[in-house]
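The values are calculated or read from the model by the stated rules, or taken from the named source; none is laboratory data. What you see is a predicted model; the values in this text were computed from it and never measured. Using ideal geometry, Cβ is built from the backbone for each residue, glycine included, and neighbour counts are taken over all protein chains shown.
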Amino acid sequence: MKTIMVATDFSERSDRALRRATLLARQFESAILLVHVVDDDQPRRIVDAERDEATTLLRQMAATLSDVDGVTTETRVILASPFVGIAQAVKDVTPDLLVIGPHRRQVLRDVFVGTTAERTIRSVDCPVLIVNATPVGHYRHVLQTTDLSDSSRDALLRFQELGLADQSRTSLLHIFDAPALRLVFSHSIPKDDQKHYLEEEQRDASLNLVRFLSSAGLGHPRQIVRYEATPAPHEILKAAGEEQADLIVMSTHGRSGLAKMLIGSVTEQVLRTAQIDVLAIPPQRGE
């Protein structure tokens with residue numbers, strides 16, 4: 001990684017994001033670009049005052065990163081709405097990674113438009129790291145996820161290129177469905193038959209995961225196959241807890257349009273509730 005962009009609102013959440021970005025920058029000898037967006041939908045005198053204050057704070061932060069951590073840092077203040085400004089900065093700079101903290105959630109509003117973090121993820125082409133936990137060192141256990149799709153394969157290949165798991169244990173989680181157990185009359189199926197059916201579905205899912213890994217050239221992570229007994233986001237977070245993972249890797253492909261805004265993809269639902277870091281990887285431009 002050559003360039004890591006950090007979007008900061010100077011909150012404690014953003015401080016966690018900056019600390020994680022600093023650890024990564026030192027690990028990969030990357031440069032950091034610190035970005036702050038001033039909401040320009042305000043009276044001009046307020047916009048100017050916030051811009052000047054943000055410029056001073058960013059310069060102080062950059063000086064600290066240079067003097068204390070030895071990290072080359074640039075700064076930029078953008079006048080726009082938060083997610084539009086961040087998306088424009090990503091388009092202009094094309095960083096290898098965007099790092100942000102979990103933004104405040106305004107429950108009623110987010111039902112319709114999503115948080116700044118989620119709206120940013122939908123708008124950019126680079127991987128986005130949402131830092132939920134206080135950084136204490138390199139990632140120890142990375143839990144990658146896949147639905148065996150081409151988009152998932154491409155996202156995992158992009159993750160490999162980042163090198164974030166080079167010093168970590170890695171696992172690959174695939175959650176499978178057992179359609180017959182969701183049928184209205186499934187309660188009438190004998191328990192032994194249900195168990196046998198579930199075992200067969202798990203064997204098939206395991207074979208499909210092996211084939212996926214082989215064809216994609218994704219190396220040899222530990223493989224985890226899990227039945228979707230509850231909604232997929234819950235199963236992902238439960239698996240992360242059981243495996244003591246400190247980073248979840250997900251592709252952002254999924255629903256689009258109104259359904260996505262109102263319901264949310266699996267990735268977005270994980271983002272809303274995860275207590276550990278989440279790396280969201282979008283399709284590359286043109287896909």
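Applying the selection to the stretch 1-29, what residues are polar (S, T, N, Q), under 17 Å from Thr72 (Cβ atoms) and surrounded by fewer than 23 Cβ atoms within 10 Å (Cβ to Cβ)?
Thr3, Gln27
Quick grid of which residues meet (1) within 26 Å of Gln167 (Cβ to Cβ); (2) in contact with a Ser or Thr (Cβ under 6 Å, 6 or more places away or on another chain); (3) in the same structural domain as Cys126 (by TED's automatic domain parsing):
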{"site": "Met1", "(1), (2), (3)": "yes, yes, yes"}
{"site": "Asp9", "(1), (2), (3)": "no, no, yes"}
{"site": "Leu58", "(1), (2), (3)": "no, yes, yes"}
{"site": "Thr64", "(1), (2), (3)": "yes, no, yes"}
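In this structure, does Leu173 turn out to be under 30 Å from Leu97 (Cβ atoms), within 16 Å of the chain's Cα centre (by Cα) and either part of a strand (DSSP E or B) or without any contact (Cβ under 8 Å) to a residue 60 or more places away in the chain (or both)?
It is true that Leu173 is under 30 Å from Leu97 (Cβ atoms), within 16 Å of the chain's Cα centre (by Cα) and either part of a strand (DSSP E or B) or without any contact (Cβ under 8 Å) to a residue 60 or more places away in the chain (or both).
Looking only at residues that are among the β-branched types (Val, Ile, Thr) and in a helix (DSSP H, G or I) in the stretch 243-287, which one is modelled with the lowest pLDDT?
Checked the stretch 243-287; the qualifying residue modelled with the lowest pLDDT is Ile263.
How do the pairs read when you match residues in the stretch 72-85 that are acidic (Asp, Glu) and surrounded by fewer than 20 Cβ atoms within 10 Å (Cβ to Cβ) with residues anywhere that are at pLDDT 95 or above and outside any helix (DSSP H, G or I), using Cβ under 8 Å and keeping only pairs 6 or more apart or on different chains?
That search, which allows pairs on different chains as well, returns Glu74/Ala31; Glu74/Ile32; Glu74/Leu33; Glu74/Leu34.
Return the residues of the stretch 186-225 that are part of a helix (DSSP H, G or I) and aliphatic (A, V, I, L, M); say none if nothing qualifies.
Correct list: Leu198, Ala205, Leu207, Leu209, Val210, Leu213, Ala216.
Any residue that is in contact (Cβ under 8 Å) with a residue 12 or more places away in the chain, of a type in the set (A, V, I, L, M, F, W, C) and buried (at least 16 other Cβ atoms within 10 Å of the Cβ) - is there at least one of those in the stretch 42-49?
The initial filter retains those residues of the stretch 42-49 that are in contact (Cβ under 8 Å) with a residue 12 or more places away in the chain, namely 47.
Right, trim to of a type in the set (A, V, I, L, M, F, W, C) and you get 47.
Adding the requirement that they be buried (at least 16 other Cβ atoms within 10 Å of the Cβ) leaves none.
No, the stretch 42-49 has no match at all.
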